[in-house]
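*Asks:* Below are the structure tokens for one structure; questions will follow.
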Amino acid sequence: MARDDEVVIDAADINHEASSNLWCFSLFDDESLGLSAAALVDFINQVMTARREKLSGNSSMLFYCWHDAQTRNLRFSLVSSTHGRLPFGCAIDPSAELAAIAEHIVKKDWLNADWGKTGPNGPGPEAALSLPVFVANL
């Protein structure tokens with residue numbers, strides 16, 4: 001699907017561009033068994049390659065990827081690099097490594113039976129100062 005999906009470019013509206021190019025997914029508990037962070041990194045790299053091929057060097061876009069903990073989704077999108085920013089309303093850490101994001105979502109969320117529980121057995125809320133976001137130029 002990533003090879004064939006249209007890339008929307010809207011230099012005047014970063015939010016339109018971001019939402020139109022947004023992909024997200026999550027796994028059911030039985031689907032996540034045997035999943036590794038390395039396999040997830042490989043998948044994301046394949047998506048980036050497909051998006052890069054789709055653009056064929058015609059536009060300078062930023063591919064960005066993050067873990068949406070509230071929805072338990074891995075999300076990624078594209079925006080034109082001419083915007084000079086990413087469309088987040090919170091503080092972000094755009095220097096996050098892809099492997100670290102994959103490791104976090106696989107081990108601390110998708111393979112964590114206590115995800116979302118509070119108390120002594122659950123992880124409770126994480127106090128992040130900024131959202132880790134992987135960013136790559138395409």
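*Asks:* Amide H neighbours of D93 under 5 Å, at least 5 residues apart or on other chains, H built in the peptide plane: list them.
*Replies:* Distant-sequence amide H within range of D93: L131, V133.
*Asks:* For a protection proxy built on the mean count of beta-carbon atoms within 10 angstrom, sort 90-97, 15-22, 49-56, 101-108 highest first, please.
*Replies:* 101-108, 15-22, 49-56, 90-97
*Asks:* What are the residues whose amide H is under 5 Å from the amide H of M61, where those residues sit 5 or more places off or on another chain and H is modelled from the backbone?
*Replies:* The list, which skips near neighbours in sequence, is S81, L138.
*Asks:* What net charge is computed for the residues neighbouring V133, neighbours being all others with C-beta under 12 Å from the C-beta of V133, Lys and Arg scored +1, Asp and Glu -1?
*Replies:* Numbers: positive: R75, R85; negative: D68, D93, E97.
Here the charged neighbours net out to -1.
Values in this text are rule-based calculations from the coordinates and carry no lab data. Just so we're clear, the structure is a prediction, and the values are computed from it rather than from any experiment. For neighbour counting, all protein chains shown are included, and Cβ atoms are generated from backbone atoms with ideal geometry for every residue, glycine included.
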